[in-house]
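So the structure is just underneath, and the comments pick up after that.
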Amino acid sequence: MEWNAQTLQFLSECFLHSLSAAPEPRRRAESSLAEAADRPNFAVVVLRLVAEPSIDEQIRLAASVNFKNHLRLRWSSVESPILEPEKEQIKSLIVPLMLSAPPKIQSQLSEALAVIGNHDFPKYWPALLPELVSSLQKASQVSDYASINGILGTANSIFKKFCFQYATKDLLLDLKYCLDNFAAPLLEIFLKTASLIDASAMNLRPLFESQKLCCRIFYSLNFQELPEFFEDHMKEWMGEFRKYLTTSYPALESSGPDGVALVDELRAAVCENINLYIEKNEEEFQGYLNDFALAVWTLLGNVSQSSIRDQLAITAIKFLTTVSTSVHHTLFAGEGVIPQICQCIVIPNVRLREEDEELFEMNYIEFIRRDMEGSDLDTRRRIACELLKGIATHYGDAVRSIVSAQVQSLLSSFAANPGENWKDKDCAIYLVVSLATKKAGASYVSTELVDVQNFFESVIVPELQSSDVNGYPMLKAGALKFFTMFRTQISKHVVLKFFPDLVRFLAAESNVVHSYAASCIEKLLLVKDEGVRARYTSADINPIFAMLMNSLFNALKLPESEENQYVMKCIMRVLGVADISVDVARVCIEGLGSILAEVCKNPKNPIFNHYIFESVAILVRRACERDLSLVSVFEASLFPRLEIILTNDVTEFFPYTFQLLAQLVELNRPPIPPIYMQIFEILLSPDSWKRAPNVPALVRLLQAFLQKAPNEISQGDRLTKVLGIFDTLIQSSGSSEQGFYVLNTVIESLEYDAIKPYISHIWAAIFRELQRRRTVKLIKSLLIFMSLFLIKHGSSNVVDTMNSVQPGIFVLILNQFWIPNLKLITGAIELKLTAVASTRLIGESPVLLDPAASVSWGKMVDSIVTLVSRPEEDRAEEEPDMPDITENVGYTATFVRLYNAGKKEEDPLKDIRDPKEFFVASLSRLAALSPGRYPKVICENVDPVNQAALLQLCNIYKLSIV
């Protein structure tokens, strides 16, 4: 694409129409731009249009956005890259253009520059940093803060990588390069701007913006380690940092929320920097610590509860929390300090604010995400409690005593006037819940603030028993959260007493309250005693089962809860515990089917959708365990819904659909109904296998058909197509394992006569892949397949069919792959299968029993001993397979396995109880047939450690191999 008047006019019109509110001209413009984007020099031409002062600024802005997005897609693309000459032109143009552009366009070009920098800087763009530094110095001389802030914003974007990447040698070399070139100019502009702020010589807004960017760059450049330059100039940096925390700026702070926010953003960036230093450079920083602790403490006392000041409050409290857990915790040892923290910092920040109430009512998903799911670390309430936890690290007794007294005081205040002081009770419950401790990996939660049973009965029960489920909903939510949190410590008979109350709360108007009620029931049903035995069983659920399911389905009809994931998860959990009668099963499958039909129209909540399918799967599985006649009921209800998914191309649900169909196929008794064979024909179509996330589910469905309809599959060309699918799957490293799942099921399910004509083709396909790549995954799959083939059809068939493809290849595969890699096998059934197959080889195959093969025989014994005697972690280190990148380009969806529709693993060797005993018994029989022959072979070829392990096995099973 050439830069000329016609191109300028064409692009200008396209960008103008791309802003149109009318869909038709907008679509035409977008289509024209997409077509033009494939032409060489498109990005350069767009950039020149952005630089053209005669063009309307709105058009130039649209062009700058397009330019940025074009770079994001193509700068490092393999499929449609920007060519090198064009890249070099862009690099030469972008910095001066960015600095001279209006603010909105400057922002877009700065982001575009950062996109290039993320890929090319510094190695492939060595001119960038010197150009930025030179431009910064020129702009600094004339105090051009529009340009200064553009440069600093760009540098900030480029340097951020030092915070988010591992400290590799290359990263540290890049960091050194940036420090050598930018640390001194950064300090210079920081100090110059500081002097201008002190003199109030200019409009303060761009100056504060500049200092904030300097602080962010400071953070990135100091994140990996303390650079020598910053250590040498710590006094200058820290002096200015402290000044921003202790000085007020009335010119900005009295100019409205924007001014306050700008000053707070700078102070928050300072707090992040000093927090970084106390965490990583404690020794060098300790001389400044007392002053900063006092400054932050004082600052917090002046920070209002307004939500616009949250960022500052949170970063400041985080700094004090870090100090409290460091060796400098003695700052909190002074008399009255901890009570003051509780009174002046913790309680004010834990109390509910209007913003919390608004979030509770207007955005229940976000409220729950913060409150129940622990994503609230960046909220005032949670960070204030983290500060208390931090202080309790060294002053536990003092903290517990003060907070316990505070909790009682809050509850007394509530008791004196419940209507007026309900927030005091909420605050008390929040403190108890947030300061509870949980052992890693355990569900048991404890607290030393209160006696859990007493607190539950005196504080929580009145809320649970309240006749008005809609009164004071935030208090109800807090009570339900406490119940959920301490569920393991509240005795079973007490919990059962309040189960009907939990069900009542499912009808609450508040989305948070009925979500918390559902979550509480769901979590209670997971409680296990002694870590293994479910505390609540079907006997506990059955008396309220009908009422509970009715209430859960009704909760999904409440406004904004049509796709409530907490309610659906509860449905899934209840169906997994309760006894499901025929009548209940009919009602539930119809209810779930209706919901499924509705979400098919516009799938938007993947978590909710997953729990629907899990609920259907568990209902089908558990109901049919009791009554197989229900299969036809489920088919009648589900097939129309699953057909909608397939015919309307609801691709998000394809993997779930195939897994449910597999489950239904497996529940049928042969011969399976004709409708399934229609589905099977669709399954054989190559088009069905094109989307990678569908493959595991399709394999699961194909396996179900192979197991349930082997005779039908043996007819016509169906088996040819099945093996064609196997061949296609093993050609990709991402699906090779799935291909072997298909092949193994063919071997397990079909008679030898049916597969005999195809055996040579199967081996040829496998040998082809072994020549292409020898990954751990492929080799393990090969060993499992050969073992299964041998177990089902005998060692002579394995040897003969392999050698018919290529003479002598069996011995080659045996020595190069089977023997050295047998130790890689993991999984109980896989270990048993390969150990028994290998044992049968050394015990019955003429190839290995030939005295000329004694070395291979001995090495196979050595491998079998390793496999059966050493734990997995000692012998089977997984070596990561190199992913086939091209298979995943541009693809975002993923396969999600349905736990409740999972394939039941079948043991092909049910008659053999112990593979170790089978191995030793086989060796003992061989030794008896050829006395004195095998001990010498074992001595020469088996590792001494394995010889000792073999002797130990002989002693255990009281067998001899001498």
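The values are calculated or read from the model by the stated rules, or taken from the named source; none is laboratory data. Keep in mind that this is a model prediction, so the values were computed, not measured. Methodologically, a virtual Cβ is constructed for each residue, glycine included, from the backbone with ideal geometry; neighbour enumeration extends over all protein chains shown. Just the protein is used for accessible areas: all its heavy atoms, side chains included, with ligands, DNA and RNA removed. Shrake-Rupley method; radii C 1.70, N 1.55, O 1.52, S 1.80 Å.
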> In the neighborhood of Met568, defined by Cβ-to-Cβ distances under 11 Å, what is the net charge if each Lys or Arg adds +1 and each Asp or Glu adds -1?
Replying inline: -2
> For segment 259-360, what is the accessible area per residue in Å² when the probe is 1.4 Å?
Replying inline: 39
> In degrees between 0 and 90, to the nearest 10, how far off the longest principal axis of the chain does helix 57-74 point, with axes built from Cα atoms?
Replying inline: 30
> Over the chain, what percent of the accessible surface lies on carbon and sulfur atoms, probe 1.4 Å?
Replying inline: 52
> Considering only DSSP states other than H, G, I, E and B, which trypsin sites (Lys or Arg not before Pro) in segment 506-613 qualify as loop sites with at most 10 other Cβ atoms within 10 Å?
Replying inline: Lys557, Lys601, Lys604
> How large is ³J(HN,Hα), in whole Hz, for each residue of segment 129-142 in order, when computed from phi with the Karplus curve 6.51 cos²θ - 1.76 cosθ + 1.60 and θ = phi - 60°, using x for Gly and Pro?
Replying inline: 5, x, 5, 5, 5, 4, 5, 5, 5, 5, 5, 5, 4, 10
> Which lysines, on any chain, are close to Lys423 with Cα under 20 Å apart, when same-chain ones fewer than 8 places away are left out?
Replying inline: Lys476, Lys481
> Can you list the trypsin sites (Lys or Arg not before Pro) in segment 645-701 that are in a DSSP coil and have 13 or fewer other beta carbons within 10 angstrom?
Replying inline: Lys690
> With a ≥ b ≥ c the root eigenvalues of the C-alpha gyration tensor of the chain, is it rounded (a/c under 1.5), prolate (a/b larger than b/c) or oblate?
Replying inline: prolate
> GluC sites (Glu not before Pro) within segment 83-138: which are DSSP loop residues with at most 10 other Cβ atoms inside 10 Å?
Replying inline: none
>> Within 11 Å, Cβ to Cβ, of Pro908, how many net charges do the neighbouring residues add up to if Lys/Arg are +1 and Asp/Glu are -1?
In response: -3
> Please state the relative contact order of the chain as a whole percent: Cα pairs under 8 Å, 6+ residues apart?
Replying inline: 5
> Considering only protein heavy atoms, what is the solvent-accessible area of His233 at a probe of 1.4 Å, reported in Å² to the nearest 10?
Replying inline: 50
> Near the amide H of Val445, under 5 Å away, which other amide H atoms are found, from residues 5 or more places off or on another chain, if H is placed in the peptide plane?
Replying inline: Thr488
>> How many angstrom lie between the Cα centre of segment 211-290 and the Cα centre of segment 725-739?
In response: 55
> Just the accessible area for Glu940, please: 1.4 Å probe, Å², rounded to the nearest 10?
Replying inline: 120
> What is the distance in Å between the Cα centres of segment 491-543 and segment 144-210?
Replying inline: 55
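With every protein chain left in place, what is the accessible area per residue of segment 42-140 in square angstrom, probe 1.4 Å?
44
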> To the nearest Å, what is the center-to-center distance of segment 830-875 and segment 371-421, using C-alpha atoms only?
Replying inline: 63
> On a 0 to 90 degree scale, rounded to 10, what angle separates helix 944-957 from the longest Cα axis of the chain?
Replying inline: 60
> Mind checking the angle between helix 169-199 and the chain's longest principal axis? C-alpha axes, 0 to 90 degrees, to the nearest 10.
Replying inline: 20
> Of Lys160/Lys243; Lys68/Lys176; Lys280/Lys318; Lys601/Lys903; Lys212/Lys243, which ones are farther than 22 Å apart at the Cα?
Replying inline: Lys160/Lys243; Lys68/Lys176; Lys601/Lys903
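How would segment 90-246 be classified by its alpha-carbon gyration tensor: rounded, prolate or oblate, with rounded meaning a/c under 1.5 and the a/b versus b/c comparison settling the rest?
Numbers: a/c = 1.94, a/b = 1.11, b/c = 1.75.
Because a/c hits 1.5 or more and a/b fails to exceed b/c, segment 90-246 counts as oblate.
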> For Lys604, which lysines qualify as cross-link partners when the Cα separation must be under 18 Å and same-chain residues fewer than eight apart are set aside?
Replying inline: Lys557, Lys569
